[in-house]
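Worksheet: the structure to be examined is printed underneath.
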Amino acid sequence: MSPVPGPALDMSVNVAGISFKNPVLAASGSFGYGVEFEDVVTLERLGGFVTKGLSREPMAGNAPPRLFETAAGMLNAIGLQNIGARAFLEEKLPLLRRISNIVFLCNVFGHSQEEYEDVVRILNDGDGIAGYELNVSCPNTKCGGITFGSDPQMLAGVVSAVKRITSRPLIVKLSPNVTSIAEVARAAEEAGADALSLVNTFVAMAIDAETRKPRLSNLTGGLSGPAIKPIAVRMVWEAARAVKIPVIGLGGISTAEDIVEFMLAGASAIEVGTVNFWDPCACEKLVDSLEKWCLEHRVSRIVELTGALEA
């Protein structure tokens, strides 16, 4: 007698009207523009990915050294180096549109509210972009980014301005470098955000004891990786309790259990960042291991994990 098959595993999630085949997304800044990974990763296997931050004009980023490996993570001060929104539409988007069955978001950055609006106006002309991730949390630029994300009033202003000029879903990426993540989460929601992603990196610093000089030319950088995961999980839990819109969790994810932890805390999907630097295939492997975890734990629908923390 043949065994009775178990229920089919449904890994799909929906965030702000965007359908993902599974909750595993590659995070902005760790996955280039997506096309760079086409030869090493089956992009169609991922839930989706977020492009590196796009600005109105090309940006060279900060001077090297810009990366430093820490005991439990990584410091980066890349400074949002990118080709600019117009060049993305001309050079990268046509390549992405040739790949079937992928979902991607564009991460958007500006030094001022006007620049955020300009970037989105440019990208509005691009077909195939599923939505925008508004980067109001980068700590590695001299103005913009975290300046907006740490001030609820400024945050509300830029979110509402961008929301007025686009019909695409707007996901706001929040900074952990704030007094109350719940307060800024509510400010983004009230201004029209369709979803939130958190957390971005923590402002941090490393010094070479021998030379007495900073490890990064920018002096400080953003700390990511396993070291920040417990704080990120706590912040996702606080944000998810404070708002009614979906939350995407990120910060130090490298295993299926990490993904489950974020989802139990309230995340509808997750983004994978730093681990991509030491294993470019990490996202694809995480999809496989998450499916295996669900089957072993008799979870037939991945969405059932979101907010299922038993406190």
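The values are calculated or read from the model by the stated rules, or taken from the named source; none is laboratory data. Being a predicted model, the structure only gives us computed values, none of them experimental. Neighbour counts run over all protein chains shown; Cβ positions are idealised from the backbone, glycine included.
Before moving on, here are some points about what is shown:
- Selection status of V178, in contact (Cβ under 8 Å) with a residue 24 or more places away in the chain and part of a helix (DSSP H, G or I): no
- Residues of the stretch 70-96 that turn out to be charged (D, E, K, R) and surrounded by 14 or more Cβ atoms within 10 Å (Cβ to Cβ), as a count: 2
- Selected residue (only one of V299, V236 is surrounded by fewer than 24 Cβ atoms within 10 Å (Cβ to Cβ), modelled with pLDDT of 95 or more and touching a helix residue (DSSP H, G or I) at 6+ places or on another chain (Cβ under 8 Å)): V299
- Scanning the stretch 18-30 for residues that are of a type outside the set (S, T, N, Q), modelled with pLDDT of 95 or more and within 25 Å of A206 (Cα to Cα) turns up at least one hit.
- The residue that is farthest from Q81 (Cα to Cα), counting only those in the stretch 8-62 that are in contact with a Lys or Arg (Cβ under 7 Å, 6 or more places away or on another chain), assigned to a loop (DSSP other than H, G, I, E, B) and not hydroxyl-bearing (S, T, Y), is M11.
- When we screen K92, K52 for residues that are of a type in the set (K, R), touching a residue at least 40 places away in the same chain (Cβ under 8 Å) and touching a Ser or Thr at 6+ places or on another chain (Cβ under 7 Å), the only hit is K52.
- Filtering the stretch 158-188 to residues that are out of contact with any strand residue (DSSP E or B) (no Cβ under 7 Å at 6 or more places or on another chain), of a type outside the set (A, V, I, L, M) and farther than 21 Å from C106 by Cβ leaves T179, S180, E183, R186.
- Candidate set from the stretch 266-293 (those that are assigned to a helix (DSSP H, G or I), within 17 Å of the chain's Cα centre (by Cα) and of a type in the set (A, V, I, L, M)); member that is farthest from G47 (Cα to Cα): V275
- Each residue in the stretch 244-272 was checked for being in contact with a strand residue (DSSP E or B) (Cβ under 6 Å, 6 or more places away or on another chain), of a type in the set (G, A, S) and surrounded by 24 or more Cβ atoms within 10 Å (Cβ to Cβ), and 4 of them qualify.
- Candidate set: the stretch 193-223, residues that are assigned to a strand (DSSP E or B) and of a type in the set (G, A, S); chosen: the one nearest to K244 (Cα to Cα): A195
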